[in-house]
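For reference, the structure discussed in these notes is given below.
The values are calculated or read from the model by the stated rules, or taken from the named source; none is laboratory data. Values in this document were obtained by computation on a predicted structure and should not be read as measured data. All Cβ positions, even for glycine, are placed from backbone atoms using ideal geometry, and neighbour counts span all protein chains on display. Only protein heavy atoms, including side chains, enter the accessible area calculation; ligands, DNA and RNA are left aside. Shrake-Rupley method; radii C 1.70, N 1.55, O 1.52, S 1.80 Å.
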Amino acid sequence: MGDGVDLDLLLVAAGLVIGTVVGMTGMGGGALMTPALVLFFGVPPLAAVSSDLVVSAVMKPVGGVVHLRRRTVDLRLVGLLCVGSVPAAFCGVLVSRALGQGAGVQQWTKTALGVALLLAATGLIVRAYQGMVARGERAAARAARREGRDLGPAETPTVAPFRLRPVATVVVGLVGGLVVGMTSVGSGSLIIIALLALYPTLSAASLVGTDLVQAVPLVASAALGHLLFGDFRLDLTASLLIGCLPGVYLGARLSSRAPGGLVRRALALVLLASGLKLLGVGDTAMLATLAAVVVVGPLLWMWARTRHGLPARARLITTALARAGRRREPASATAAEEAAAPRG
C-alpha cells in the first residue's frame, strides 16, 4: 500500500475466519490465531505471539463491555486477578526476550505454545461439561414442577455465594499472566479452568464475564510489552485486524443460530491436533490420538449426559435424525402404495 503497510489477503481471510469463531464461541483468539500463523503461514513463533496479542487487545474490550452491561462480572475477582496478571504478562515478554533471539528460543516458544494449546483444549471440554451440568439441573427442576412438587427457595437453582480466596486468586493471575505474555494463549482458557477449581459455585455467565473482563488489562499489558520488546510486525497485525474485526461482529450475530456445542467440539479437536503438532508428535501418532478421541469421546459424553439426567443425544442430533426420518417416510409410503396398487 502507498503508506508502507502491505496487506496479505490470505491473512485477512484467516483473521475473518478466526474472528467469526471467536464471536460465535467466546473463545480466546490466541488459541487459534497463533498456531495458525506458525503452522500454516510459517510465521516465527515470537512474531506470531506479538501480533496475536496486539489484535486481541483490540478485540477483547468489545465483549467485556457487553458483560459489564449485563452485570455478569464479579469485579472483586477481576481486581485480584489483575493484581497478579497485569505485571506478570509484561514480565512474560521480558522473560522471552531474555532467552535470546536464536532458533533455541523459537523452539522453546513453540513447545510452550503446544502445551498451552493442550490445556486450552482441556478448558473447552471443562466449560462444556459445566454447561451440561447446569442444563441437567434445570431439566430436573422442570421435571419436579411438572410432577407438582414445588421447589422451595433452598432447592431453586441460584448463584450460590462463595468465599473469596484472595491469595490463590492472585497466584492464578500471576501464572496465567506469565503464560499469556510468553505464548498469547491462556486469557480465555487456562485462567477459566483455575477459576472453576477455585469457585465451583460461580455461575457460568459470571465465570465467562469475569474471565473476559480481567483479560482486557491482561492482554493490553502483554501487548504493550510485545510492542516495546517483542517481535511486532505491523503488516502482519494490520492484515489480521482487518479480517478479525468484522469476523467478531459476524460471529456474535450468528452465535444464537449456530450449533455452539458442535463448534466447540470441533475446536477442541483442532487445538489438540495443533498442540500435538507443535510438540513434535509424529503424524501417525497424532492421527491415532485424534481417532481415539473421535470414537471414545462421544460415548463418554453420552454417558455423562445420562448421569446428569439428560437424554444421551443432544436435541440438535435428535432433531436432525427425526427430520431425516420424516423425509424418508413419505418416499417409503409412496413405494408401498405403488406396490399395493392393482396392475393392468
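Brief remarks on what is shown
- Qualifying residue in the stretch 224-242 (condition: buried (at least 24 other Cβ atoms within 10 Å of the Cβ), free of Cβ contacts under 8 Å to residues at least 60 places away in the same chain and of a type outside the set (S, T, N, Q)): no
- Restricting attention to the stretch 6-52, the residues being among the charged types (D, E, K, R) and modelled with pLDDT of 80 or more number 2.
- First in the stretch 76-90 and without any contact (Cβ under 8 Å) to a residue 24 or more places away in the chain, second anywhere and buried (at least 22 other Cβ atoms within 10 Å of the Cβ) and part of a helix (DSSP H, G or I), Cβ under 8 Å, 6 or more apart: none
- Residue that is modelled with the lowest pLDDT, among those in the stretch 67-90 that are open to solvent by 60 Å² or more (accessible area, probe 1.4 Å) and assigned to a helix (DSSP H, G or I): ARG70
- Filter result for SER221 (under 25 Å from VAL167 (Cβ atoms), among the polar types (S, T, N, Q) and surrounded by 23 or more Cβ atoms within 10 Å (Cβ to Cβ)): yes
- Residue check, LEU195 open to solvent by 10 Å² or more (accessible area, probe 1.4 Å), modelled with pLDDT of 80 or more, in a helix (DSSP H, G or I) and not basic (Lys, Arg): no
- Residues in the stretch 272-312 that are basic (Lys, Arg), buried (at least 16 other Cβ atoms within 10 Å of the Cβ) and closer than 30 Å to ARG142 by Cβ: ARG305 only.
- Residues that are closer than 22 Å to ALA205 by Cα and either at pLDDT 80 or above or not aliphatic (A, V, I, L, M) (or both) within the stretch 178-189 comprise GLY186, SER187, GLY188, SER189, listed in sequence order.
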